[in-house]
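*Asks:* Let me begin by handing over the structure; questions about it come next.
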Amino acid sequence: MTTAVETIRDFYAALESGDAGRALGLMSDDIEWITMWHYKVDGRGPNKVAEGLLVPLMKEWKSFKLIPTEFIADGGTVARSLCRGSRHHRQDGRRQNAHVWTVVDGRIARFRQYIDTLVVAEARREQVKMLTPA
């Protein structure tokens, strides 16, 4: 049986390789996705995550990657990951977010995000400046 950490590592690997189908396939049919930023998942399920998060994220950011740096599992059902972010070919090296995952029967049932909103806001301002004609 796959551990919770293996499931979450597989999820990050799927996103990094651009395999959204595989990432969505790791989610339970009624996944709850809770974010702290302007991307909002309205409702439950992988399709809602794609509509509210993945599609807008890909449209807004030229480059976006999360680099998990630490995994801790508790009882095999919850995995936590601390991440560094890389946005628009800029990696600041700061730990800027933590993700709390609940994995049930090898599938992601719940995601909660905790982020340094100031770091993300600054990156968004930089992105807008780069895309705005002078």
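*Asks:* Note down all Cβ pairs under 8 Å where the first residue falls in segment 43-57 and is closer than 8 Å to TRP33 by Cβ, the second is among the aromatic types (Phe, Trp, Tyr) and surrounded by fewer than 17 Cβ atoms within 10 Å (Cβ to Cβ), and they're at least six residues apart or on different chains.
*Replies:* Sorted first by the residue in segment 43-57, then by its partner, the pairs are GLY52/TYR39; LEU53/TYR39.
*Asks:* May I ask you to verify whether TRP37 is in contact with a Phe, Trp or Tyr (Cβ under 7 Å, 6 or more places away or on another chain), within 21 Å of GLU60 (Cβ to Cβ) and touching a residue at least 40 places away in the same chain (Cβ under 8 Å)?
*Replies:* So TRP37 fails the test.
*Asks:* Still on this structure: Select from segment 104-119 the residues that are outside any strand (DSSP E or B) and modelled with pLDDT under 90 and list them in ascending order.
*Replies:* Passing the criteria: ASP116, THR117, LEU118, VAL119.
*Asks:* Got a number for residues in segment 1-31 being without any contact (Cβ under 8 Å) to a residue 12 or more places away in the chain and more than 20 Å from ARG44 (Cα to Cα)?
*Replies:* Selection size over segment 1-31: 5.
*Asks:* Can you name every residue in segment 4-60 that is of a type in the set (Ser, Thr, Tyr) and either part of a helix (DSSP H, G or I) or more than 12 Å from TRP101 (Cβ to Cβ) (or both)?
*Replies:* Residues satisfying the conditions are THR7, TYR12, SER17, THR35, TYR39.
The values are calculated or read from the model by the stated rules, or taken from the named source; none is laboratory data. The structure displayed is predicted, hence computed values, not measured ones. Counting neighbours? That spans all protein chains shown, and the Cβs are built from the backbone with ideal geometry, glycine included.
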